[in-house]
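Visitor: Here it is, the structure in full.
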Amino acid sequence: MKEWKHIFKLDPAKPISDEHLEWICESGTDAIIVGGTDNVTLDGVLDLLASIRMYSVDCILEVSTMDAVTPGFDYYFIPMVMNSTEKKWMMDIQHEAVKQYKDLMNWDEISVEGYCILNQAAKAYKKANCTMPDEQDVVAYAYMAERMFQLPIFYMEYSGTYGDPKLVQRVRRELNQTLLFYGGGIETPEQAREMKQHADVIIVGNIIYTDIKKALDTVTTIQHMEKL
Ligand code: 1GP
């Protein structure tokens, strides 16, 4: 896994102007994740991939539906939703994918993410029929991600709302090998800095579409932290 610190997440179902896309790709962020929950289509993914490919930034597809998987990305992230109540989101979709595409899969490019979705209002929380874990549950999921499943990534997903930095800090203490990803509601340099103190990587999504300048400021903040 590369030494990523900051990643932008672009939703193939949301329009973005060429100018804003250029700013995002040239911002100095470490990578772009293409991923979303609803209305992710192959056409949408291909359009975004073609646009991002005009720049040199690393490009990752976060697989949410098998219908929209395509070659051409640098990396592929496969989520396993650890706090889903349905085995489907933990095991069955992945099983189906492996059954169909095993011979095409290049495991140098593929990483499995242990997802813990912590915002009840998030689309992904509802779609995967999650239950809300308490602090001990989250710590146990992180422990399982590293020790039991040896996953490269544990992702604390608050998509759409800013999370609890104390919980991120608590989870940090649990992980030595597995990288801690934090995503959700980051809109200001202070929030970027606060979460990055604990997480290995912060993911910035929604603010790209509502206030591009603020989104770009999160990159500068992380770059500045690295220099200190
Ligand atoms: C979403 O974790 C990412 O999957 C980022 O969250 O859209 O709230 O920034 P936001």
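The values are calculated or read from the model by the stated rules, or taken from the named source; none is laboratory data. If you're wondering where the values come from, they're calculated on a predicted model, not measured in any experiment. Cβ placement follows ideal geometry from the backbone for every residue including glycine, while neighbour counts extend to all protein chains displayed.
Visitor: Can you work out which of the residues in the range 160-191 that are within 12 Å of the ligand (Cβ to nearest atom) and under 18 Å from residue 216 (Cβ atoms) is surrounded by the fewest Cβ atoms within 10 Å (Cβ to Cβ)?
Guide: 188
Visitor: Could you grab the pairs with beta carbons closer than 6 Å, sequence gap of 6+ or different chains, first residue in the range 24-45 and among the small types (Gly, Ala, Ser), second one buried (at least 18 other Cβ atoms within 10 Å of the Cβ) and part of a helix (DSSP H, G or I)?
Guide: Cβ pairs passing all conditions: 27/216; 27/219; 28/219.
Visitor: Specify which of the listed residues (146, 157) is acidic (Asp, Glu), more than 16 Å from the ligand (Cβ to nearest atom) and touching a strand residue (DSSP E or B) at 6+ places or on another chain (Cβ under 8 Å).
Guide: After ruling out the rest, the residue left standing is 146.
Visitor: Between 48, 21, which is among the hydrophobic types (A, V, I, L, M, F, W, C), in contact with a helix residue (DSSP H, G or I) (Cβ under 7 Å, 6 or more places away or on another chain) and modelled with pLDDT of 95 or more?
Guide: Only one candidate passes the filter, namely 21.
Visitor: Is it true that residue 158 is more than 19 Å from residue 84 (Cα to Cα) and of a type in the set (Phe, Trp, Tyr)?
Guide: Working: more than 19 Å from residue 84 (Cα to Cα): no; of a type in the set (Phe, Trp, Tyr): yes.
No: the conditions fail for residue 158.
Visitor: May I pose another question? Suppose we keep only residues that are of a type outside the set (A, V, I, L, M) and near the ligand (Cβ under 10 Å from one of its atoms) within the range 192-212. Which one would you say is surrounded by the most Cβ atoms within 10 Å (Cβ to Cβ)?
Guide: Residue satisfying both the conditions and the ranking: 205.
Visitor: Considering the range 160-213 alone, what residues qualify as being in a loop (DSSP other than H, G, I, E, B) and among the aliphatic types (A, V, I, L, M)?
Guide: 175, 186, 199
Visitor: Among the residues of the range 1-26, what is the count of those that are outside any helix (DSSP H, G or I), touching a Phe, Trp or Tyr at 6+ places or on another chain (Cβ under 8 Å) and more than 15 Å from the ligand (Cβ to nearest atom)?
Guide: So the count comes out to 1.
Visitor: On the given criteria, is residue 56 buried (at least 20 other Cβ atoms within 10 Å of the Cβ), over 18 Å from residue 11 (Cβ atoms), at pLDDT 95 or above and over 16 Å from the mean Cα position of the chain (by Cα)?
Guide: no
Visitor: Out of (1) crowded, with 16+ Cβ neighbours inside 10 Å; (2) in a helix (DSSP H, G or I); (3) free of Cβ contacts under 8 Å to residues at least 60 places away in the same chain, what's the single condition that is false for residue 124?
Guide: (3)
Visitor: Another question, then. Hey, could you check the range 64-102 for residues that are hydrophobic (A, V, I, L, M, F, W, C) and in contact (Cβ under 8 Å) with a residue 60 or more places away in the chain and say which is nearest to residue 47 (Cα to Cα)?
Guide: Here the answer is 77.
Visitor: Oh, and also: When the range 112-124 is examined, which residues are found to be closer than 25 Å to residue 97 by Cα and away from the ligand (no atom under 11 Å from the Cβ)?
Guide: 112, 114, 116
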